[in-house]
Every structure is written in C-alpha cells, then in structure tokens.
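Let me begin by presenting the structure, written as structure tokens, before commenting on it.
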C-alpha cells in the first residue's frame, strides 16, 4: 500500500498547484457538515423531515427483500420434497406477492426521495445564491479590488449549485449506513470473519479514491485564478461589449491563443490524473472482486456440505454482495463527502469574511443620526489613503472644507486622486490616515447605509443595467421603483425623458441587448439615464464624476443649467475635465498627485496664475 502511494505520487500537477491535502485537513473539513446540515434544515424543515423519514423506511427494505427471497426459496425446496399431490402453491404465491409489494414500495420510496432531493436542492441553491449576493453587498469596496477575495468569491459561486450534490450524498450516506448495519447483523450471526474479509476487499479501493480525490481538489483549487481568466477570455472573445475592439485590433487570434494555452495546460494535468486514477481503480476493483468471490466460494461449500439451506445460501450470498456494494459505496462516498467538505470550506470561508466599514465606530460609541439638513458641511483633516497592495499614496495630507450648500469642483489630471476622494466622501473607503468630518463629527460615527442614502453619486464608469428604462432610473432610489411620477420627474430633470420618448416601449422598454427585445443606447443617452438616477435619489449631497463626458456641447450646457437650478440649497461635488463646466462651481479644488494644490473660485484661481490657470490656458488654447 505504501509502495502504491509512493508510485501514484511520483507525478503531480505542478503549475500553480497547491500542496496535496493531508488526511488531517480532510477530516478537519468535516467539521463544516453540521453547519451545512443546519442550512439544509433551515431551507425547509418540512421537506427535510419528509426526506429523512422516507430514507429510513427505504433503508430497511433490502434486508426485508432478501429475507422474503430466502423464505420463498426454502418453501419451494420444501415443496419439492413432498408428494406431488400435497404440493400447495398458495403459500409461495403469498410470499412472492409480499416480495413484489416490497419492490414496488422500494421504487416508490426511491422516487419520493429523488423528488424531495430535487425540491430541497433547488430551494437550497436558490437561498444560497441569495445569501451569497446579500453577503457580498455587505463587504467593502476594497475587498472587491483584491484578487484573493475574487478567488474566494468565485469558489463560493461555484459551490452554490454543486452543494446540492453534497446534500444528496450526505443524506444517502446516512441511509446506506442504516442498511449496512441491518445486513451486517445477519452476516455476523453466520460467520463474523466474513466482515473482515469484506473490509480487506474494499479498503484499498477506498484509499485509492481518497488519494485521487485529494489530487483532484488540489488541482481544481490551484486553478481558480486561471479558471477566472478562462471565463474572462471566453466572454471577451464573444461579447457585444467587446466585438468592436476585437475586430478593429484583430484580437481574436491572441485571445484564442491564450485560451488554448490555458485550457490545454489544464487538460494535460487533468488527463494525467484521470489516467492514473482509472488504472489504479481497475487494480482495486479486481482486489474487491477476488474478496467477494472468495467469500462466495466459502458459502457455497457450506451449502454443498448441507450445513445451510438453499434459502440461507441465497440470503447470505445476497447479503454479502449487497454489503460489499454498500461498503464500497459508503467508503467511496465518504471520500466524496470529505472532498465536498473541502469545497464546503471554501463556501464558508467566503461567508466568514467581514466588512471593516460597519454601523458603529471602533470606539464603541453609539451610531450618530445623520443630520437633516447638513449644517456645517464636510471637512477633510490631513486625509491620506493608500490602496491595498498599493506602492504609493492615492491621496496624502489632504485638508479642505466643503461648506453646506456649496458647489465644489475637483480638478486635476488623470490619476490625481479625484475619484478616490469621492469614494472616501461616500465612505466606500475609510482613510488610511487622518479623518473626514461631517458637521464636526467623524464620518465613522454615522451608519454607512444611512450616509449613502443621503448621497447621490454617479461615477464616470456607471453601470449600464440591463433593465427596463423606468427601473434603470429607479436604481437611484430602488424602493421608489413603483413611483412613476417620481421616475418621470427625474427623467425630465436629467433630459432622459427625451431618450425614453424615442423608445418603442417607453418606460417599460428593456434597455441593452442582453435580453430579447432589448434596445441599446448611445453613450450620451446612457449618460442621461445615469444622471436621472442621481436626481431620482433626491439626496442632500450630490456627486457627479465626469457626468457629461459622452454628451455633445449643447446637451452638456443644458444639463448643467438644470444642475445649477436643481441643486440650489444642496451640497454638490463635481469632477470634470471641461473648464466650461468647472467654472460654474462656487469653488474649485485643484489636486495633483493626490495632494492639495489650491482652492478658490474660477476668477480667483485665474488671477492667482497657479496650476489651475495653467491648465485652463492649455485647454483654452485647444479652442483657438
């Protein structure tokens, strides 16, 4: 056995492979099963209880069927020894009818179990998916920007559906253990050492399966990043969102080549594994068959010697065959369950992740109610922020005051830290150093969810939701998605009503081409829809990150005329590279390399002749 383990371990997957899983790790992973079974029970106690009851009934049927078969055979043999005139068939027919009833009952119970497994599995998969989405929504933005997190998320996604298989395996394991105990009782009464022979026949196969399951898990686990890349390449190579660039730049051969390189590498590693698994599986199957037929010969010899009846021979041979099959199944399934528990660990690992941006300040102080209205505004005090695994500061030593009701524009070159500042303001991140005050209190003292309810943000990379036009607007305040007047008002304020008026289905028209009947929009039309979300929110603080980048000059001018009117009395932050837009703000903050450069009105900054005046002159020169 040790030579076998040494032999099959000689060739192992290497590229990005994780060390093989130890027996201790596999056994340790089983600790997740109680929590897993609780989740199944919570999914539907009625279905879970019915499933358990049917499986317990079905567990006793193999022994009952074998025993009735023994009675039938012994009855037939007894009848053949009687004179022909005394041979009565009804007793035999009664036993046959009983066996027929047991077979029908076993079939009905099997179908019932399969039905309940299917229903319970579907419910569990649905609830797991909902739970996964809900938990992902609680996590911090910077966690989504971490590749390790994405690996955990990807493995959790894959486990959501495949865990229904584990559920059936665990329940079937319990059923088979009950059946095995019942059958083993009869075999022990006849000859206890046969159980030892049975174990000797099936344990090598179990060890082999366990080993190869470990290797399969290690290979699958180590390939999580590559699988995500394969999914990305598959999507990029055949998507309406990327088709233009793929054709223009001739990327098809490059994408296909990279996909082929990765997929072939995985195929070669997996092929090596499955070939060795098949080879050793054949060897162990032969060992198991030899053990079974050795016991069968012994039972036959006892029958020939007249020590047991023909019915007992049939019962014992059938019990031994069924026990062998059950034991192989239990041991093999145990390996699969342990393997599934390892994957289940990935599932629970994701749910063990916790957000750092939570409802309460680290000091334990109670959550502060959000001010309505904001009176003093927002103040950045020596704020610095560094992205996880980042080598430089995105923002450093940033201090300024945003007054309540003020319109502040952020100006700076790409990568200056403008969008990062906005994300800090919305508390999508917490500062690495310094603090942000709202009405004189640290932003951490407010409930993040309540804070974001009072902030309307439209980022330059806004999401193009594949939803009807009305719901696309309602995303800004999704709980108001049935409030048609509010949706139409937001559309009018953002000029999105001019877009929707052209749609065949109006506000009910599906936008985007992913689903049947969907209509795609131009970049500028999408931007008006996104702006409508900000107005739909009706928040105290409005943040627009490059909100008019895809609009023509006339539409941009009209949008900002309305913006100035609609944000009267509200605090607003505007990011734009167009100085015709920026000059509408009360004050302009210039950032360079994440640090404060200057702040003031358009006129004051021009008069100062600093960085803003330089950037303004460069842009103005382009229009001469």
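Residues 536, 133, 167, 584, ranked from the fewest to the most other C-beta atoms within 10 Å, line up as 133, 584, 167, 536.
Here the extension length gained between residue 129 and residue 614 equals 169.3 nm, from 0.36 nm per residue of separation less the Cα-Cα distance. Averaging the Cα positions of each part gives two centres, and for the range 120-152 and the range 429-499 these lie 23 Å apart. Of the residues 219, 531, 574, the one with the fewest other Cβ atoms within 10 Å heads the list, and the complete ranking is 219, 574, 531. Annotation: extensible slack from residue 514 through residue 169 equals 120.5 nm (criterion: 0.36 nm per residue apart, minus Cα-Cα distance). The calculated FRET efficiency for the pair residue 449 and residue 38, based on their C-beta separation and a Förster distance of 45 Å, comes to about 0.95.
Put a dot 7 Å past the Cα of residue 483, heading toward its Cβ, do the same for residue 105, and the two dots end up 6.2 nm apart. Classify the range 384-520 as rounded, prolate or oblate, taking a ≥ b ≥ c as the square roots of the eigenvalues of its Cα gyration tensor: rounded when a/c is under 1.5, otherwise prolate if a/b is larger than b/c and oblate if not. Verdict is prolate for the range 384-520.
Remark: spin-label model distance residue 558-residue 433 equals 4.9 nm, labels positioned 7 Å along the Cα→Cβ axis.
With neighbours defined as other Cβ atoms within 10 Å of a residue's Cβ, the residues 528, 388 order from fewest to most as 388, 528.
Shown is the FRET efficiency for residue 242 and residue 79, computed with R0 = 56 Å from the Cβ-Cβ distance and rounded to the nearest 0.05: 0.10.
Throughout, read-outs are computed from the coordinates displayed, never taken from laboratory work. It should be emphasised that the depicted structure is a prediction, and the values quoted were computed from it without experimental measurement. Note that each Cβ is placed from the backbone with ideal geometry, even for glycine, and that neighbours are counted across all protein chains shown.
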